[in-house]
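Here's the structure we're looking at; comments come further down.
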Amino acid sequence: MTRRTLLVGAGAGVIGVLLASCTPEPAPTPTPDRTPSPTPTGDSLAPIAFARSAWSTDPSALGAASFTPVGVQSAARDALATPVRGRLFFAGEATDADAPGTMAGALRSGTRAAEELLAAAGAGERVAIVGAGLAGAAAASRLAATGLALTVFESRDRTGGRIQSVVDDERWPVPAQLGGWLIGADDTELGEQLNALDIRTAVLESALWRSPDGVVDAPSSQPVIDAIAAAEALPADVPLAQALADAGADPAEPGLAALLAYVAASAGSDPDQASSWFPPTLPPDTRTAVLGDLGAVLAQLVDGVRVSLSSAVSRVAYDDAGVSLGIATGESLSFDRVIITVPLGVLQSDGIEFAPKLPFAQRGAIADLGMGFIETVWLRFDEPLVDTDATIWHAVGAEQTIRTWFNLAPVTGDAILVGIVGGADAAEFAALDDEAAQAAAMAALAPFMQPIA
Ligand SMILES: Cc1cc2nc3c(=O)[nH]c(=O)nc-3n(C[C@H](O)[C@H](O)[C@H](O)COP(=O)(O)OP(=O)(O)OC[C@H]3O[C@@H](n4cnc5c(N)ncnc54)[C@H](O)[C@@H]3O)c2cc1C
């Protein structure tokens, strides 16, 4: 029996009826059959494995990463995180003002909310956590050994939320990561967990910037840094795109546009939406990619905790005495306190009804913050398309949807390319069916197909 089966089993013991009646999340759709060794040129080129995400339309996410829109203060995140009546506690990447939209921020928020709950809770209380992504799992891990009666409710049929490692040894020599998988140098907590679990990582650092005409110089990020610095002195926040224009930079210039596409693919927001006062983080030159199963991190965090999968919470009724959770199938369960970790996109869509409605501070923050879009596509070929050691590829001056790629061939020995796309382009990509998504991905690779001169 696998660890995941065990988790389902644990939930089934609590509300088995609910589990039985829920629809599992659609699985990612790998290409069913291996094609016979294609030649890596021309129209006949076809991947031997394909997987893609669609977080933008997934009802349990409705986006990829929260961002701070122009005119909004990052204090909105603190407002979102504020406990309500000592009964409702909030976690999730959107509540972390220091590293929103990241795995590190999600983990930290879960521990923070668990500490807040512990400060209010009495011995043996019944506690629920809504959502089994990194934030919910971190909260569960902190609360597991405290003697509280703990249950985690998760709408999907798996834990992990916006991290999803597709483990399929037939198709993927390393798991295809459809959500978060790149960690920063200061993500020490996650880094330590990966080390402790012996999960493989690889450093991606050598970049290739390529136009349809050949290799070009890497664009400087200085215009973006200068524009942000100038905007900080303005009396009111302006969109990052305007800050760039005001500073004399042209966001449509091919090199800068490729750099901004990379920023959007990391942060989820386009420059015309993003704040200049709380701007998206410029992606670092060096990224550490997780090449193993991130599911193991989740499994360890929720070890020993009762997790009820396929159990969407649709209603949260609360007063000074406790909280009642309505499960989408109609059942109602009572708790003393609840930690809510669902994505901002779910809160914005009224996916959960609160009774009474949340205080203005929370509702204002939910309305003000932005939910950005990031999508990813994994392609595996029989052999590398291009002979290069560069692990990060940027398409410069190409009119393609996906302009940022990670080339895993140098670090895995397998011809795996990972495309990422952010902002409005990501929303468009999510709307494509699998056939169209694969065609769009292949078209986006065209600038890289010629040999590197
Ligand atoms: C494509 C993509 C790429 C990314 N890349 C990176 C990266 O490289 N590095 C990085 O640091 N971060 C990255 N991120 C962001 C990172 O993955 C997230 O910030 C983090 O995983 C969020 O964790 P969370 O626990 O806050 O939310 P989630 O993981 O979304 O967890 C919330 C959970 O709540 C569940 N839920 C929703 N509604 C309900 C309901 N009604 N009832 C019960 N449960 C519910 C969801 O199913 C989910 O499991 C990326 C995200 C995406 C989508």
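Return yes or no: is Ala229 without any contact (Cβ under 8 Å) to a residue 40 or more places away in the chain, in the same structural domain as Pro284 (by TED's automatic domain parsing) and out of contact with any helix residue (DSSP H, G or I) (no Cβ under 7 Å at 6 or more places or on another chain)? Yes. Looking at Ser314, Ser324, Ser334 in this structure, which one is without any contact (Cβ under 8 Å) to a residue 12 or more places away in the chain and outside any loop (DSSP other than H, G, I, E, B)? Of Ser314, Ser324, Ser334, the one residue that is without any contact (Cβ under 8 Å) to a residue 12 or more places away in the chain and outside any loop (DSSP other than H, G, I, E, B) is Ser324.
Conditions (1) small (Gly, Ala, Ser); (2) crowded, with 17+ Cβ neighbours inside 10 Å; (3) free of Cβ contacts under 8 Å to residues at least 24 places away in the same chain, marked per residue:
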| site | (1), (2), (3) |
| --- | --- |
| Val166 | no, yes, no |
| Trp209 | no, yes, no |
| Ile225 | no, no, no |
| Ala236 | yes, no, no |
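Look at (1) within 26 Å of Phe406 (Cα to Cα); (2) of a type outside the set (Ser, Thr, Tyr); (3) touching a helix residue (DSSP H, G or I) at 6+ places or on another chain (Cβ under 8 Å) and you find that Ala137 fails only one, number (1). Scanning the stretch 267-280 for residues that are assigned to a loop (DSSP other than H, G, I, E, B) and either touching a helix residue (DSSP H, G or I) at 6+ places or on another chain (Cβ under 6 Å) or of a type in the set (Lys, Arg) (or both), we see that the one that is surrounded by the fewest Cβ atoms within 10 Å (Cβ to Cβ) is Asp272. Among the conditions (1) near the ligand (Cβ under 10 Å from one of its atoms); (2) part of a strand (DSSP E or B); (3) within 30 Å of Ala424 (Cβ to Cβ), Leu379 misses just one, which is (1). If you go through the stretch 348-376 and pick out every residue that is free of Cβ contacts under 8 Å to residues at least 40 places away in the same chain and assigned to a helix (DSSP H, G or I), you end up with 3.
Return yes when Thr388 is of a type outside the set (Asp, Glu), more than 16 Å from the ligand (Cβ to nearest atom) and part of a loop (DSSP other than H, G, I, E, B) and no when it is not. Spelling it out, Thr388 is indeed of a type outside the set (Asp, Glu), more than 16 Å from the ligand (Cβ to nearest atom) and part of a loop (DSSP other than H, G, I, E, B). Between residues in the stretch 129-153 that are over 14 Å from Glu93 (Cβ atoms) and among the small types (Gly, Ala, Ser) and residues that are within 11 Å of the ligand (Cβ to nearest atom) and assigned to a helix (DSSP H, G or I), which pairs lie under 7 Å by C-beta distance while being six or more apart or on different chains? Partner pairs satisfying both residue conditions: Ala140/Leu301; Ser141/Leu301. Determine whether the stretch 328-339 contains at least one residue that is β-branched (Val, Ile, Thr), away from the ligand (no atom under 11 Å from the Cβ) and farther than 19 Å from Ala81 by Cα. Scanning the stretch 328-339 turns up at least one residue that is β-branched (Val, Ile, Thr), away from the ligand (no atom under 11 Å from the Cβ) and farther than 19 Å from Ala81 by Cα. Restricting attention to the stretch 63-76, the residues that are near the ligand (Cβ under 9 Å from one of its atoms) and either farther than 19 Å from Asp368 by Cβ or touching a helix residue (DSSP H, G or I) at 6+ places or on another chain (Cβ under 6 Å) (or both) total 2.
Going by what's in this entry, would Val323 be described as surrounded by 22 or more Cβ atoms within 10 Å (Cβ to Cβ) and more than 10 Å from the ligand (Cβ to nearest atom)? Spell out how you get there, then give the answer.
Working: surrounded by 22 or more Cβ atoms within 10 Å (Cβ to Cβ): yes; more than 10 Å from the ligand (Cβ to nearest atom): yes.
The answer is yes for Val323.
Look through the stretch 158-192, keep the residues that are aliphatic (A, V, I, L, M), near the ligand (Cβ under 7 Å from one of its atoms) and at pLDDT 95 or above, and return whichever of them is farthest from Val346 (Cα to Cα). Among residues in the stretch 158-192 that are aliphatic (A, V, I, L, M), near the ligand (Cβ under 7 Å from one of its atoms) and at pLDDT 95 or above, the one farthest from Val346 (Cα to Cα) is Leu182. Of all residues in the stretch 281-311, those being touching a residue at least 40 places away in the same chain (Cβ under 8 Å), under 22 Å from Glu189 (Cβ atoms) and either within 22 Å of the chain's Cα centre (by Cα) or in a strand (DSSP E or B) (or both) number 19.
In the stretch 250-266, what count of residues is obtained for those that are in a loop (DSSP other than H, G, I, E, B) and buried (at least 17 other Cβ atoms within 10 Å of the Cβ)?
Looking only at the stretch 250-266, we keep the residues that are in a loop (DSSP other than H, G, I, E, B), and these are 250-253.
Next, from what is left, pick out any that are buried (at least 17 other Cβ atoms within 10 Å of the Cβ): 251.
The total comes to 1.
The values are calculated or read from the model by the stated rules, or taken from the named source; none is laboratory data. Here the structure is a predicted model, which is why all the values come from computation and not from measurement. We place every Cβ from the backbone using ideal geometry, glycine too, and count neighbours over all the protein chains shown.
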